[in-house]
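Notes follow the structure.
The values are calculated or read from the model by the stated rules, or taken from the named source; none is laboratory data. Since this is a predicted model, take the numbers as computed values, not measurements. FYI the Cβ positions are ideal-geometry reconstructions off the backbone, even for glycines, and counts take in every protein chain you see. Ligands, DNA and RNA are stripped out before the accessible areas are found, and what is left, the full protein with its side chains, is counted by its heavy atoms. Shrake-Rupley method; radii C 1.70, N 1.55, O 1.52, S 1.80 Å.
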Amino acid sequence: MNGAVLVAVDGTGWVATKTRHCEHCLTKTHDGTILYYYHHVVEAKLVTALGFTCSLATEFLENVNPMASKQDCEQKAFTRLAATLKQRFPQLSLCLLLDSLFACAPVVRVCRTSGWHYVITFKEGSMPERWQEFQTLKRLTPANRRTGTTPDGRTQRFAWVLGLPVGAEVANVLECVETAPDGTVTTFVWLTNWPVDATTAPRVANEGGRCRWKIENQGFNDQKCGGYALEHQYSEDWHT
């Protein structure tokens, strides 16, 4: 996309057991009782418009200190994963595609300082105050609109807001309201640092944000259910 390599980043579960697998297991508890132990990873995958998906880096979520009051989380793992990507591909122009869990100032800051572009799913629950600000600014900028039609007959109505504060960072917001030929309406909203205007809006949406799903379908789903069976344990001893 505009010379940048698309890299989708998302978390997925690997294995869950009733007994502790290793000393780094995360735990799911209820009323102080451990329900199960599990492992989770955050994965960075190269994705293409044709559906090709290739793993670039993996970061495990794990309890380094089993006695710690807080478990590892995807946002912390993202910071470690970003450092790995920068070390392995220091000169590569990347555009990260992320879901709404990563719609926050620390992730935007990592992308900015790394020199990367990003397209992050933006939902009301991610940052409620920023969401309301976006809705207000959208009404105040009626000129920031474009309507188009895709080759398969879907109508897309775009609206955008430039320079929305995200903590100490700023991001552009792009909304795409899509109507399918059968009348089904779907709304997509993204945070991005790509320039957004009437010319670029369709590309950012269709060649950027909409490609994130490939990490789920051609990525995790194929790895787990397409013959690789990567949701299973392959050893009882994590050292082996």
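Counting only protein heavy atoms, what percent of the accessible surface of region 64-187 is carbon or sulfur at a 1.4 Å probe?
Roughly 54 percent, rounded to a whole number.
State, as an integer percentage, the relative contact order of region 115-159 based on alpha-carbon contacts under 8 Å between residues 6 or more apart.
Working: 22 pairs, mean separation 10.0, N = 45.
That works out to 22 percent.
At 7 Å along the Cα-to-beta-carbon direction for both F52 and A4, put a label point, then send me their distance in nm to one decimal.
The answer from the label model is 2.1 nm.
Would you mind getting the accessible area per residue of region 132-181, heavy atoms of the protein chains only, 1.4 Å probe, in Å²? Numbers along the way, then the final one.
Working: 2560 Å² over 50 residues.
Dividing the accessible area of region 132-181 by its residue count gives 51 Å².
Where nothing but the Cβ of Lys and Arg (+1) and of Asp and Glu (-1) is charged, how large is the charge dipole of region 95-223 around its Cα centre, in debye to the nearest 20?
Details: 14 positive and 13 negative charges, 63 e Å.
The dipole of region 95-223 has a size of about 300 debye.
I'd like to know which of L101, F134, I120 lies farthest towards the positive end of the charge dipole of region 81-140, counting +1 on Cβ of Lys and Arg and -1 on Cβ of Asp and Glu.
Result: I120.
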